[in-house]
Amino acid sequence: MIYIKNYIKGALTEPISKKYFDNYKPSTGEVYAQIPDSDENDVELAYNAASEAFESWSNLPKEKRSSYLLKIALLIENKLPQLALAESIDNGKPLKLASTVDIPRAAANFHFYGTGILHYASHAHNMENTAINYTLRQAVGVAGCISPWNLPLYLFTWKIAPALAAGCTVVAKPSEITPMTAFLLSEICIEAGLPKGVLNIVHGYGNKVGNAIVSHKNIPLVSFTGGTVTGKHIASIAAPMFKKLSLELGGKNPNIIFADCNYNKMLTTTVHSSFSNQGQICLCGSRIFIERKIYEKFKTDFIEKTKALIVGDPLSEKTKVGAVVSAQHKAKILSYIELAKQEGGKILCGGNEVVLTGENKNGYYIAPTIIEGLDYNCRTNQEEIFGPVVTITPFDTEEEALKMANSTMYGLASVVWTENLTRAHTLANKIHAGIVWINCWLLRDLRTPFGGVKASGVGREGGFEALDFFTEPKNVCIKL
Ligand code: NDP
């Protein structure tokens, strides 16, 4: 049994309560680790350590901060096999995905911000013959960073790296459902010699540890990625305290496919954008709108390719779809499939849990599911399911596709497949989303603004946007 530890003031520590709770392995349903059941007292210790470290860390030359971040990036790269294995076991995702996406991206996050901070500059505004203004960008203080379970180390480091680069010190909480790689990151930070208290990681439940971070009177900014309901709750606590807030929330992303698209490229990518990571990526396209002219052909080919996806042990090379993250999440996804049936949906493939054999017999597996015949306004098409479940719907005109695409409360990502340049630009302009991919999916340049509109979030991560978030601009005006 592995006992996960908090990382406070540079040391691996037990929770003050000495209490732990179970960590499950989604592929087998077994308990394989123990997670600290930390509370506000542990958060207070972490805050005190971060607060003590703030002065020296924020005043350290950026080249030195950069070198720590680059050291951490290198250690993540060197330990890729063990981190990928840990991520796959903890989350249920295929080992191949963890090895090629999650862990390389975690290293890239540290590398990107370790170098990015060296190029971060602020403005000067000249008032001719009167005065000159310049903008100081100063680290805000102790940052609270809270992340979800779907891309554990990837999203955890996407917050921590820019915060540290900007000169903030951090109190961070990974999802209690997938704490393992955050624990391993603690060990990496110790190996990298990161000064004590610069990064503190407190494990435990959202409503205890997360809540203590969000409501801490001396933590002036919170970067949160997770569900919209949690985001709303966090905003209700943090906004009246005038905290800076970055909220990356849920999505119900549309894929709009026109008959003039590059069909084969579209088909292969649509299978990925539907079922990668068991559909548990906030950017997955879960509502697929297809121009009627190619609807039947698409339906046949999409079903065939989806049925060919092997659902299995995440550690097997052959597996394309691993386990969903928890028993509770599996039940939620299956309940949405039932809802879809009640709403008149026809299950074209999947629609059921998959029971494997041997040691995986109690794991949490769901067959990739395609549903048709649903109204674009029904709950199945409006609410986030966050599993391997997509709906397909035909459309006749661009206007109709746009109306359906924009009909949800969400606005995170979207995909358009067309070879018509004018149509691509027009739709990109009109879609309510923070990201529009034309003829691709999940192609990421870390310099671009990342985030959503409407109920998908507030603010942007990525590039200098994240450094802007973790710093406060101060205008200095000098009279000539
Ligand atoms: P949750 O909102 O349930 O949890 C996210 C994090 O918040 C977890 O660490 C959780 O802790 C913590 N938390 C829970 N309650 C509170 C609270 N009261 N105060 C402070 N923190 C709290 O999301 P999930 O982990 O279920 O993640 C899935 C969601 O994340 C989906 O909606 C998905 O769309 C969204 N997401 C958005 C992304 C984006 O970039 N926009 C990217 C990835 C995912 P614990 O788990 O320990 O309870």
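Residues of region 307-349 falling in the label zone of Gln382, defined by backbone nitrogen less than 15 Å from a point 7 Å along Cα to beta-carbon, are 340, 343-344. Over region 254-445, Cα pairs under 8 Å with separation of 6+ residues give a relative contact order of 28 percent. Between Met127 and Lys18, the simple label model (points 7 Å from Cα in the Cβ direction) yields a spacing of 6.4 nm.
Distance between the 7 Å Cα→Cβ label points at Asn218 and Lys318: 5.7 nm. Comparing Cα centroids, region 278-345 and region 368-403 end up 12 angstrom apart.
Each part gets one Cα centre, and for region 427-480 versus region 3-47 those centres are 33 Å apart.
P(r) tail, region 254-445: Cα-Cα pairs separated by more than 28 Å, 21% of all pairs. Cross-link pairs exceeding 31 Å in C-alpha to C-alpha distance, out of Lys79/Lys454; Lys25/Lys307; Lys18/Lys244; Lys244/Lys403; Lys64/Lys474; Lys173/Lys474, comprise Lys79/Lys454; Lys18/Lys244; Lys244/Lys403.
Which net charge results for the neighbourhood of Val209, defined as the other residues with beta-carbon distances under 15 angstrom from its beta-carbon, given Lys and Arg at +1 and Asp and Glu at -1? Could you put the intermediate results ahead of the total?
Numbers: positive: Lys5, Lys19, Lys173, Lys208; negative: Glu14, Asp37, Asp39, Glu40, Asp42, Glu44, Glu176.
That works out to -3.
For region 112-151 and region 187-263, write down the distance between their C-alpha centroids in whole Å. Using only Cα atoms, the two centres lie 19 Å from each other. For region 200-282, applying the loop criterion from DSSP together with a ceiling of 16 other beta carbons within 10 Å to the trypsin sites (Lys or Arg not before Pro) yields Lys217. A cut-off under 11 angstrom between Cβ atoms defines the neighbours of Val101, and their net charge, with Lys, Arg +1 and Asp, Glu -1, is +2.
Which parts of region 456-473 would a label at Ser407 reach, counting a residue when its backbone N lies under 20 Å from a point 7 Å out along Cα-to-Cβ? 456, by backbone N distance to the label point.
What stretch of the chain, leaving out the sites themselves, is the longest with no GluC sites (Glu not before Pro) in a DSSP loop having at most 14 other Cβ atoms within 10 Å? Kindly include the intermediate steps, with their values, before the conclusion.
Working: sites that count: Glu128, Glu317, Glu419.
It runs 129-316.
Give me the net charge for the shell around Leu75: Cβ to Cβ below 12 angstrom, other residues only, Lys and Arg +1, Asp and Glu -1. Once positives and negatives cancel, what remains is -1. Site pair Ala239 and Lys196 shows an inter-label distance of 4.1 nm when each label is modelled 7 Å from Cα along Cα→Cβ. Of the trypsin sites (Lys or Arg not before Pro) found in region 1-105, the ones in coil according to DSSP and having at most 10 other Cβ atoms within 10 Å of their Cβ are Lys18. Contact order, relative form, for region 61-210: 26 percent (alpha carbon pairs under 8 Å, 6 or more residues apart, mean separation divided by residue count).
Expressed per residue, the C-alpha convex hull volume of the chain stands at 148 Å³.
Could you give the C-alpha radius of gyration of region 332-480 expressed as a fraction of 2.2 N^0.38 Å, taking N as the number of residues it contains? Kindly include the intermediate steps, with their values, before the conclusion.
Values: Rg = 20.5 Å, N = 149, 2.2 N^0.38 = 14.7 Å.
For region 332-480, the normalised Cα radius of gyration comes out at 1.39.
Where a number appears in this text, it was derived from the coordinates with a stated rule and is not lab data. Bear in mind that the values here come from a model prediction, so they are computed numbers and not experimental data. With ideal geometry, Cβ positions are generated from the backbone for all residues, glycine too; neighbour counts draw on all protein chains shown.
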